[in-house]
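The values are calculated or read from the model by the stated rules, or taken from the named source; none is laboratory data. Just so you know, these numbers come straight off a predicted model, no measurement behind them. Glycine gets a Cβ as well: all are built from the backbone with ideal geometry, and neighbour counts include every protein chain shown. Heads up: the accessible areas ignore ligands, DNA and RNA and are worked out on the full protein's heavy atoms, side chains in. Shrake-Rupley method; radii C 1.70, N 1.55, O 1.52, S 1.80 Å.
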Amino acid sequence: MILDKQNLSSSAQAVTATAPATDTVDLGAGDAGPSEGISLFVGVDGATGTGTLAVELQTADACAANGTLASPVTVATYPVGNEALKGGGKIVGARLPHGMKRYAGVNYVVTGTVTGAKITAGLVFDV
């Protein structure tokens with residue numbers, strides 16, 4: 001698996017509360033679903049606390065002026081338990097579903113207390 005900056009939504013992003021990823025990925029024509037072999041990778045390093053995380057894969061036709069997704073639609077949600085967060089490493093590895101629009105992004109929904117989590121997320125081939 002190779003990560004490259006152009007396909008990252010987060011690069012060691014500190015996540016302690018519900019927030020979108022710092023970047024979006026331009027998929028071009030869109031609908032780069034399972035037949036394209038592209039996967040979402042999410043990894044975490046350094047999480048502590050008793051909370052959990054839900055990683056929402058989102059898509060939109062456009063980006064707002066600040067680079068966030070404009071009117072995002074959640075196409076998949078990946079729940080991550082506390083033990084997986086504290087254990088670190090890969091916490092999500094899943095093929096993109098059909099229905100992706102031009103832009104892709106990630107939203108992190110934190111429940112409870114999560115501290116020290118540094119999350120890297122992006123699109124890759126062969127998770």
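Which value in deg cm²/dmol, rounded to the nearest 500, describes the helix-derived mean residue ellipticity at 222 nm for the chain, given -39,500 (n - 2.57) per DSSP H run of n ≥ 4 and division by the residue count?
On the way: 1 runs with 6 residues, N = 127.
For the chain, the value works out to -1000 deg cm²/dmol.
The relative contact order of the stretch 25-127, computed from alpha carbon pairs under 8 Å that lie at least 6 residues apart in sequence, is 49 percent. Accessible surface for the chain, divided over its residues, is 49 Å² per residue with a 1.4 Å probe. Between ALA64 and LEU3, the simple spin-label model (points 7 angstrom out along Cα→Cβ) gives 2.6 nm.
Just by accessible area at a 1.4 angstrom probe, what is the order of THR120, THR22 from largest to smallest? Please list the in-between numbers first.
Values: THR120 35, THR22 90 Å².
The most accessible residue leads, giving THR22, THR120.
For ASP4, the solvent-accessible surface with a 1.4 Å probe is about 60 Å², rounded to the nearest 10.
Ordered from highest to lowest accessible area with the whole protein assembly present and a 1.4 Å probe, ILE119, ILE91 read as ILE91, ILE119.
Work out how much length THR77 to LYS90 would gain on full extension: take 0.36 nm times their residue separation and subtract the Cα-Cα distance, in nm to one decimal. Can you show the working numbers first?
Values: separation 13, 0.36 × 13 = 4.68 nm, distance 1.56 nm.
Here the segment from THR77 to LYS90 would lengthen by 3.1 nm.
Equivalent ellipsoid of the chain: semi-axes from √(5λ) of the C-alpha gyration tensor, largest first, are 23, 15, 12 Å.
When ranked by the protection proxy of mean other Cβ atoms within 10 Å per residue, highest first, what sequence do the peptides 8-16, 61-69 form? Mind dumping the intermediate values first?
On the way: 8-16: 19.0, 61-69: 12.8.
Put in order of decreasing packing, that is 8-16, 61-69.
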